[in-house]
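The structure appears right after this line, and notes come after that.
The values are calculated or read from the model by the stated rules, or taken from the named source; none is laboratory data. Note that the coordinates shown come from a computational prediction; the quantities given were computed from them, not determined experimentally. Every residue, glycine among them, receives a Cβ derived from its backbone with ideal geometry; neighbour counts consider all protein chains shown.
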Amino acid sequence: MSAARTLRVPGRHGYAAEFSPYLPGRLACAAAQHYGIAGCGTLLVLDQNESGLQIFRSFDWNDGLFDVTWSENNEHVLVTCSGDGSLQLWDTAKATGPLQVYKEHTQEVYSVDWSQTRGEQLVVSGSWDQTVKVWDPTVGNSLCTFRGHESVIYSTIWSPHIPGCFASASGDQTLRIWDVKTTGVRIVIPAHQTEILSCDWCKYNENLVVTGAVDCSLRGWDLRNVRQPVFELLGHTYAIRRVKFSPFHASVLASCSYDFTVRFWNFSKPDPLLETVEHHTEFTCGLDLSLQSPTQVADCSWDETIKIYDPVCLTVPG
Amino acid sequence: MNLTRAGARLQVLLGHLGRPSAPTIVAQPVSGLASPASFQPEQFQYTLDNNVLTLEQRKFYEENGFLVIKNLVSDDDIQRFRAEFERICREEVKPPGIVIMRDVALAKQDYMPSDRMVSKIQDFQEDEELFRYCLLPEILKYVECFTGPNIMALHGMLINKPPDVGKKTSRHPLHQDLHYFPFRPSNLIVCAWTAMEHIDRNNGCLVVLPGTHKGTLKPHDYPKWEGGVNKMYHGIQDYDPNSPRVHLVMEKGDTVFFHPLLIHGSGRNKTQGFRKAISCHFGSSDCQCIDVSGTSQENIAREVVEMAEKKYGFQGVMDFKDTWIFRSRLVKGERINI
């Protein structure tokens, strides 16, 4: 791996990192003071250049920011979510913000995701109040609220294939698949016997979803037959906080963990662990793979650093 | 931001750390047709993931079937339970449904209402003061590690072990508590047993056979002890007398949590004083009731039904599982099955 480009942000602990879908080299990071336990939050918008990572814009919020997602119809717009139960809409073309605050959740919002299918512009949020809400960012109120989870919700992710379809992962140990058009849950999968902190959709198979959990395992689920996982990946030594499928390789995914590591996997290989990256010294919570470069990865950690790098396993064809 | 939210967030994050490291092997991918055996084997069977027990405590319970938590119940609470016990013995308080038992040896003496006559109080769910024991948050937070979040109080007891009059009737033969209960699965049931004073081998402490919770429910009946044995004190018919055993010396307020299949009993009270303890069996409300006909539990079921019919006046209508559901109370979460 070539040296990671690193930015240190004193007093801010990284919770999420997302590459812009429009501008190569632009990265958003949601961060919180005091490890997200108390205090304020900051949205950092960074640019890469020949001298490293630079802050392009910084916005503060009065509670910890836990996730961030870029708009799919405006290169300057992002949405974050926070510990006070609200979502915030920001515009990097303006020096101050936010443009809009959406306040309906009654507890911490840990997940926010903008739909990529482009047929509609919808944002989905998951909260510790055990509800999922779907929003049109141009409207101040949520369009719909989804109930059914029996514990805090940690992750809500749109399907990149099927409009109006999203997955949610929860402390109730289930992965659920929902359809906006029916307002009800379509599939309930008791995916782990521990809390599930993250999930993601495969970019090349509309039926494949991965979960990452407190039991240190990643499990792949074929939604047509959920009696048992189609793969299980072991190696992390603490809870898996985020998992992302590669945009470029059908069977490649990455995960980050409270064990401080980021691991890269190919679930179709006999030995699926491709690489373990150990460049953080605290819980590693944010992770994203670039849409523009097949090898570029961004992550962020509670050690107050944000890094962009090219892991060896993605640069050398495996 | 307020401090209660900070506490809640810290608690959630600590919950994420409550699991020991997974083995650092890398598993093979499995096809959709693989058998469940391809899953990583469960490391824990008798405890649930929680953020209360340390890893060492959890391993100890998994291996031994019991866990002592020192100084869990306060002196004030114990004094209140003692005072209520005395009021019940003097018949100043008469909670409905309560079962007052007398030692088989003392019962033959002249009757006079006094705490010296009573060896045990059971089914105190309608006594607000004694039932407070089953609602103590410090008890329930440990119970949840074994039952999960939906908790039923199944059976409360206050034990007043009398000084033995020389006939050794104050012994409780080695037994498994599951013999008395039609609830399953047994791994979602736990007994909390709190010493109300210093308890050791002189006044008859609990004796346990560590690891026997991993076995099965054995047939029980009255032991053939000279001098008699107290009513419903069934014991295991066949067990290895040389099994290693542990005597649980406990101070006032210490509480032992133990599995319903753990073989245990208590010895004679060789002192002149009474020895008091208060206990409750808790189970998940997810548990199911089974029919014990044709099983080794049929003998105790018959006795329990006879006693319940006598007490409540339901003639021939009640069965064993009804007698238990009738007395169970939800103490946390939601009532589901039982």
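The lone criterion from (1) farther than 17 Å from B:HIS198 by Cα; (2) touching a residue at least 24 places away in the same chain (Cβ under 8 Å) left unmet by B:GLU306 is number (2).
Check whether at least one residue in region A:216-223 is assigned to a strand (DSSP E or B), surrounded by fewer than 24 Cβ atoms within 10 Å (Cβ to Cβ) and among the basic types (Lys, Arg), and report yes or no. No, region A:216-223 contains no residue that is assigned to a strand (DSSP E or B), surrounded by fewer than 24 Cβ atoms within 10 Å (Cβ to Cβ) and among the basic types (Lys, Arg).
For A:THR156, the test of being hydroxyl-bearing (Ser, Thr, Tyr), surrounded by fewer than 24 Cβ atoms within 10 Å (Cβ to Cβ), farther than 21 Å from A:VAL297 by Cβ and away from chain B (no Cβ under 14 Å) is failed.
Here is a yes/no grid of residues against (1) aliphatic (A, V, I, L, M); (2) modelled with pLDDT under 95; (3) in a loop (DSSP other than H, G, I, E, B); (4) within 16 Å of the chain's Cα centre (by Cα):
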| site | (1), (2), (3), (4) |
| --- | --- |
| A:ASP113 | no, no, no, yes |
| A:THR117 | no, yes, yes, no |
| A:GLY126 | no, no, no, yes |
| A:VAL139 | yes, yes, yes, no |
| A:TYR154 | no, no, no, yes |
| A:ILE162 | yes, yes, yes, no |
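A single member of A:ALA213, A:ALA250 is of a type in the set (A, V, I, L, M) and surrounded by fewer than 22 Cβ atoms within 10 Å (Cβ to Cβ), and it is A:ALA250. Scanning region A:164-191 for residues that are closer than 25 Å to A:PHE248 by Cα and assigned to a strand (DSSP E or B) gives A:CYS165, A:PHE166, A:ALA167, A:SER168, A:ALA169, A:LEU175, A:ILE177. Considering region A:213-267, and only residues there that are more than 7 Å from chain B (Cβ to nearest Cβ) and among the hydroxyl-bearing types (Ser, Thr, Tyr), the residue that is nearest to A:GLY171 (Cα to Cα) turns out to be A:SER257.
Residues in region A:1-36 that are over 25 Å from A:VAL312 (Cβ atoms), out of contact with any Phe, Trp or Tyr (no Cβ under 9 Å at 6 or more places or on another chain) and buried (at least 20 other Cβ atoms within 10 Å of the Cβ): A:ARG12 alone. Residues in region B:8-57 that are surrounded by fewer than 14 Cβ atoms within 10 Å (Cβ to Cβ), modelled with pLDDT of 50 or more and facing another protein chain (nearest Cβ under 9 Å) were compared, and the one that is nearest to A:ILE37 (Cα to Cα) is B:LEU17. Note on region B:168-251: enclosed strands (runs of 3 or more DSSP E) holding 1 or more residues that are touching a helix residue (DSSP H, G or I) at 6+ places or on another chain (Cβ under 9 Å) and of a type outside the set (A, V, I, L, M, F, W, C) are B:189-195. Return yes or no: is A:GLU278 over 23 Å from A:PRO229 (Cβ atoms), out of contact with any helix residue (DSSP H, G or I) (no Cβ under 7 Å at 6 or more places or on another chain) and touching a residue at least 40 places away in the same chain (Cβ under 8 Å)? No: the conditions fail for A:GLU278.
Here region A:60-91 is the region considered, the condition is being part of a strand (DSSP E or B) and of a type in the set (Ser, Thr, Tyr), and the residue that is surrounded by the fewest Cβ atoms within 10 Å (Cβ to Cβ) is A:SER86. The set of residues in region B:212-231 being surrounded by 16 or more Cβ atoms within 10 Å (Cβ to Cβ) and at pLDDT 90 or above consists of B:THR212, B:HIS213. Scan region B:190-225 for residues that are over 27 Å from B:ARG82 (Cβ atoms) and in contact (Cβ under 8 Å) with a residue 40 or more places away in the chain and the total you get is 15.
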